[in-house]
Structure formats: structure tokens, C-alpha cells
Amino acid sequence: MTKTKLAGKLVLLTYLFLQANVSYSQSRSQFNISLKDSDSIMALVKPEYRWMGTFGLTVSDEMKLKYHKPSGFSYEDSVECFKDYPKLEKTFSCKSFQLHSNDEQFIAFLEFVPQYTKELETTINGLFPQHARELVDNQHRWQMRARIKAYYGDEIGESWVDSIKLHSTKEAREKFNADSVFSFSIRLRPSDYYKKDFKYVKALLIQKNGRGYACIYSFYTDKAKARFGKYWRKIENILRYED
């Protein structure tokens, strides 16, 4: 690999890392509270979001994203950083919000990213002018591209767009009250099988202008693949933007 290509990769990885961490800190900065205040803050979180901790305030109030718990699934109160799976760690980073099917054949990881501000966009583009992007209400598109390219690597080139399904505007509005909805699938390589049996990934991303976006990353086994519709119909209905 040439020094130019290596330098380009390092810049891009740094850029994506900054995006992820800035959005993380942005979404949580309003909740800089002391332990003695935590109970009163949690009391403000709607009951259905309390498993998400104080971040539930951002999801339910700032993003106005309604959550509905699916039947046949339970919460898993832990963080998954895929440390034993280098390719998955690079692709998905850490995920805090998990739903496990009761038969343990299907796992959904939820990701919530509030809308970027113009100030944040200006800051990021100022740091990386060679990769300047229009991020406000578009950060979901770049995040989706980054996930796909992180897994498949440089060989996928610009054909990453072929991995994407763009759902119709009608479906986006009727199902999710969203402005845009995308999905994509990844069949994991054997070396990347999650917990040995989870071989497939399907992601659903929903976005509404001014509200940010949410993504559901679903990992499932061969057994779940045979009855995929049963699981997916429940999972795709858990989130909807409120008016």
C-alpha cells in the first residue's frame, strides 16, 4: 500500500471516528448530572424508555421518536463492542441498546443519532476540508456508506450503493412518519460469525429532517433466516416519529 493511500485511509478513519464521538457527546451533553440527581432525572423519562437510561429523554423528547416494545423480545442491559470480532468492531463500533428474541435466534441493536447542527457541520468540515460534507439531515447517508465500506473494504468501491434498498416515500411516511428509509443486508464471512451462529445482518435506517435518525442492526441465525418475516415484522414496527 502506498503512503498516499495509507494517509488517506487514516484521515477517513479519523473523520468517521470524530463523527461518531461528536454525535455521541452531542446527544448526551445535556445530561451532565450528579448521582444525587439521577433519580429525579430518570423520573422524567417515559416508562417505555427507562431501559435506555437518561438517553431516553433524547429519544422521546428531542427526537420525538416513539418506541414500542416488540412481543417475543426482551431487553439486554449491556454494551456490545464486538471486541472478539475485529471486522464487526470496525463496522459497528459499540452498541448499548439491545433486544433479544426469546428463542435467542435474533438480536437487534438500536442506534439513535440526534440531528447534527450547522455549527457541528462547520467544525467537522473545517477540520477535514478535503472530505467536506453536507451533514445536517444527511449524516445518516454518510454513516450508512461508512458501515458498508467498513465491512467490505476498499474492494467494494462505489458499488456500495448497490447494497442499499431505498424505501418509497409513501412507505417511509406511512410506516415510520419519516422522510427517508433505507435498508441493507450483509452476509457475514465465517470468520466474522457473531457468537458462532449469527451469520446474517440486516439494517434498517429511518430519518426525519430536524430529528436525526435511528438505525436497527439485526443479527440472526440460520433458524431465524428460515422464519425471517416473523421476526422482522415485529422489529420494523418498534420505532415511529411522532408529529
Residues whose modelled amide H sits under 5 Å from the amide H of Leu188, counting only those 5 or more places away in sequence or on another chain, are Tyr200, Val201
If you scale each eigenvalue of the Cα gyration tensor by 5 and take the root, what three semi-axes come out for region 35-173, rounded to whole angstrom and sorted largest first? 29, 22, 17
Å³ per residue enclosed by the Cα convex hull of region 76-138: 130 Å³
Taking only C-alpha positions in region 131-243, Rg and Dmax in angstrom work out to 15.0, 44
For region 98-170, go through all pairs of different Cα atoms, get the mean of 1/r, take its inverse, and jot down that Kirkwood value in Å. 15.1 Å
Rounded to whole Hz, the Karplus (6.51, -1.76, 1.60) HN-Hα couplings of region 103-109, x for glycine and proline: 8, 6, 10, 8, 10, 10, 9
Can you tell me the dipole magnitude for region 156-243 around its Cα centre, using point charges on the Cβ only (Lys, Arg +1; Asp, Glu -1), in Debye to the nearest 20? 520 debye
Which residues' amide hydrogens lie under 5 Å from the amide hydrogen of Ser180, considering only partners 5 or more residues apart or on another chain, with H built in the peptide plane? Gln207
Apply the Karplus curve 6.51 cos²θ - 1.76 cosθ + 1.60, θ = phi - 60°, to the phi angles in region 210-219 and return the couplings in whole Hz, x for Gly and Pro. x, 10, x, 9, 10, 9, 10, 9, 9, 9
For region 74-90, in order, what is each residue's ³J(HN,Hα) by Karplus, 6.51 cos²θ - 1.76 cosθ + 1.60 with θ = phi - 60°, in whole Hz (x at glycine and Pro)? 10, 7, 10, 8, 7, 10, 10, 10, 6, 5, 8, 9, x, 5, 5, 4, 5
What Rg and what Dmax come out for region 156-217 when only alpha-carbon atoms are used, in angstroms? 14.1, 40
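No value in this document is a laboratory result; all are computed from the given coordinates. Remember, it's a predicted structure, so these values are computed and weren't measured experimentally. With ideal geometry, Cβ positions are generated from the backbone for all residues, glycine too; neighbour counts draw on all protein chains shown.
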